[in-house]
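In what follows, a single structure is set out as structure tokens and then discussed.
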Amino acid sequence: MTMFKLPEYREPPFDGPPLKDAPPARTAPAPADGVAPSGFHALSIFPEYFKIAGAGGKSAWLLPAESRMDCVPVLREPASGSWIDVVEFRNLKRGDLVVIGRTEDGSEGIYVNSSAFCDEETTSQEAFAFRTGRSRETAYSRDYDKLYELLRYEKEHGFIMWVLGPAVSFDYDSRNAMASLIEKGYAHAVMAGNALGTHDLEGALLKTALGQDIYTQESRPNGHYNHLDLLNLARGHGSIEKLIEMEKLNDGIVHAAVKKGIPMVLAGSIRDDGPLPGVFGNAYEAQDAMRGHARKATTIIALATQLHTIAVGNITPSYVVRDGKVRPVYFYAIDVSEFAVNKLRDRGTLTVVPIVTNVQDFLVHLKNNL
């Protein structure tokens, strides 16, 4: 039984100064498809409220139910009432009413609630700022303990999303540990690239990853052909599911996800071999597919993949609205490179917990403790 308890959300003091007397937020129409008006407001990862004038002169502070950093807030005004939509620049339509203003303190009808889930002693100097981080000298034992409790809670009450780099599949123990976590219900979606899927399936078929034995790490004769043979076989079968069925594959990360019905988004890159059937070759289609799961996520764990980690971090806010309540989204980034985990914080995901370690040790720790 978990002892984990979600922190209470602290709503801004709208009934007191200065927010009580704040003016309504201003809007301006998008001048063309995909173009925001001058002075547009860009969202951060934090809960942001917009004061919107309603019928009869009454105003209300509106919080977007879903958010995303570096998107723009758009005012929607149907007959049933107003709300704030969060829109990527590429998805703006001419005439969309975009909120304008660059302040975050309520003076322009825009308020960023940057300390919504903070402890009493925690303060924030800036509502949204870059360049923070932790180092390889940090002790992570407390982070592990908190993560064990969090995952036990999220298994039943949340949506756990994993972002996996190919290194997860290169080692026998880490590969088995990740598959076990999926099988035991500690994953609700998996984001990765073509490489993770390819080398994990290579491990299931040939017990190698990039031609190296996943247990001994020794190179096999002609092993550099193994991932290409796997890709060719998968493309011949037409789908990953058909490959698993016809080749009787029965272990690994992809097999566990398919067996459990866990959705996987495999985003392609310019250097992909193959790729596997089902890999998104269009970056924006991949982004949309990732966003579809990220908007449901309550905990995200990213392992040994700098670009995918930053990509998912940039489409994930620090909060999510569940059953009418605002709760935090927890984000962990794990990599043996201090630079890689802290770069996510430098790119604006200020709530991330970086852990500097190799993913093999991390995953085995999780499996053994969960």
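The values are calculated or read from the model by the stated rules, or taken from the named source; none is laboratory data. Keep in mind that what you see is a predicted model, and the values were worked out from it rather than measured. Note that each Cβ is placed from the backbone with ideal geometry, even for glycine, and that neighbours are counted across all protein chains shown. Accessible surface is based on the protein model in full, side chains and every heavy atom, while ligands, DNA and RNA are left aside. Shrake-Rupley method; radii C 1.70, N 1.55, O 1.52, S 1.80 Å.
Residues to consider are Val321, Val279, Val265, Val312; find the one that is over 11 Å from the mean Cα position of the chain (by Cα) and within 20 Å of Leu43 (Cα to Cα). Please lay out each step first, then the result.
Details: Val279 fails: within 20 Å of Leu43 (Cα to Cα); Val265 fails: within 20 Å of Leu43 (Cα to Cα); Val312 fails: over 11 Å from the mean Cα position of the chain (by Cα).
Of the residues listed, the single one that is over 11 Å from the mean Cα position of the chain (by Cα) and within 20 Å of Leu43 (Cα to Cα) is Val321.
Could you count how many residues in segment 168-207 are surrounded by fewer than 24 Cβ atoms within 10 Å (Cβ to Cβ) and in a strand (DSSP E or B)?
Number satisfying all stated conditions: 1.
I'm trying to understand the selection: among the residues of segment 54-84, which are open to solvent by less than 70 Å² (accessible area, probe 1.4 Å) and among the hydroxyl-bearing types (Ser, Thr, Tyr)?
Answer for segment 54-84, where residues must be open to solvent by less than 70 Å² (accessible area, probe 1.4 Å) and among the hydroxyl-bearing types (Ser, Thr, Tyr): Ser59, Ser67, Ser82.
Condition test on Ala311, is it aliphatic (A, V, I, L, M), in a helix (DSSP H, G or I) and open to solvent by 40 Å² or more (accessible area, probe 1.4 Å)? First the steps, then the outcome.
Numbers: aliphatic (A, V, I, L, M): yes; in a helix (DSSP H, G or I): yes; open to solvent by 40 Å² or more (accessible area, probe 1.4 Å): yes.
Spelling it out, Ala311 is indeed aliphatic (A, V, I, L, M), in a helix (DSSP H, G or I) and open to solvent by 40 Å² or more (accessible area, probe 1.4 Å).
Regarding segment 38-50, can at least one residue be identified that is open to solvent by less than 60 Å² (accessible area, probe 1.4 Å), among the charged types (D, E, K, R) and assigned to a strand (DSSP E or B)?
Let us first name the residues in segment 38-50 that are open to solvent by less than 60 Å² (accessible area, probe 1.4 Å), namely 39-50.
If we keep only those that are among the charged types (D, E, K, R) too, we end up with 48.
When the remaining residues are screened for being assigned to a strand (DSSP E or B), the result is 48.
Taking every residue of segment 38-50 in turn, at least one turns out to be open to solvent by less than 60 Å² (accessible area, probe 1.4 Å), among the charged types (D, E, K, R) and assigned to a strand (DSSP E or B).
Give all pairs with beta carbons closer than 7 Å in which a residue from segment 282-302 that is crowded, with 20+ Cβ neighbours inside 10 Å meets a residue that is charged (D, E, K, R); count only pairs at least 6 apart in sequence or on separate chains.
Qualifying pairs under 7 Å: Thr298/Glu154; Thr298/Arg327; Thr299/Glu154.
Output the qualifying pairs, or none if there are none: Cβ atoms under 6 angstrom, residues six or more apart or on different chains, first residue in segment 261-280 and outside any loop (DSSP other than H, G, I, E, B), second residue surrounded by 17 or more Cβ atoms within 10 Å (Cβ to Cβ) and aromatic (Phe, Trp, Tyr).
Once the first residue is outside any loop (DSSP other than H, G, I, E, B) and sits in segment 261-280, its partners that are surrounded by 17 or more Cβ atoms within 10 Å (Cβ to Cβ) and aromatic (Phe, Trp, Tyr) give Ala267/Phe280.
Considering only segment 232-247, I want to know if a residue exists there that is part of a helix (DSSP H, G or I), over 20 Å from the mean Cα position of the chain (by Cα) and of a type in the set (Ser, Thr, Tyr).
Taking segment 232-247 first, the residues part of a helix (DSSP H, G or I) are 232-237, 240-246.
Narrowing the set further to residues that are over 20 Å from the mean Cα position of the chain (by Cα) leaves 232-237, 240-246.
Now drop any that are not of a type in the set (Ser, Thr, Tyr), which leaves none.
No, that holds for no residue.
Got a sec? Which of Ser38, Ser114, Ser59 is more than 26 Å from Gly348 (Cα to Cα) and either among the hydroxyl-bearing types (Ser, Thr, Tyr) or touching a helix residue (DSSP H, G or I) at 6+ places or on another chain (Cβ under 9 Å) (or both)? Walk me through it before giving the result.
On the way: Ser38 fails: more than 26 Å from Gly348 (Cα to Cα); Ser114 fails: more than 26 Å from Gly348 (Cα to Cα).
It is Ser59.
Quick one: Pro317 ticks every box in (1) in a loop (DSSP other than H, G, I, E, B); (2) without any contact (Cβ under 8 Å) to a residue 12 or more places away in the chain bar one, so which box is it?
If we test Pro317 against (1) in a loop (DSSP other than H, G, I, E, B); (2) without any contact (Cβ under 8 Å) to a residue 12 or more places away in the chain, just (2) comes out false.
Specify the residue that is surrounded by the most Cβ atoms within 10 Å (Cβ to Cβ); the eligible residues are those in segment 88-122 that are among the small types (Gly, Ala, Ser) and at pLDDT below 95.
First, the residues of segment 88-122 that are among the small types (Gly, Ala, Ser): 95, 101, 106-107, 109, 114-116.
Applying the additional criterion that residues be at pLDDT below 95 yields 114-116.
Working: Ser114: 23, Ser115: 15, Ala116: 19.
Step by step, filter segment 88-122, then rank; the result is Ser114.
For the subset of segment 1-31 comprising residues that are among the aliphatic types (A, V, I, L, M) and part of a loop (DSSP other than H, G, I, E, B), which member is nearest to Ser82 (Cα to Cα)?
Initial filter on segment 1-31 (among the aliphatic types (A, V, I, L, M)): 1, 3, 6, 19, 22, 25, 28, 30.
Checking the rest, the ones that are also part of a loop (DSSP other than H, G, I, E, B) come to 1, 3, 6, 22, 25, 30.
Numbers: Met1: 42, Met3: 39, Leu6: 29, Ala22: 18, Ala25: 13, Ala30: 18 Å.
Filtering first and then ranking leaves Ala25.
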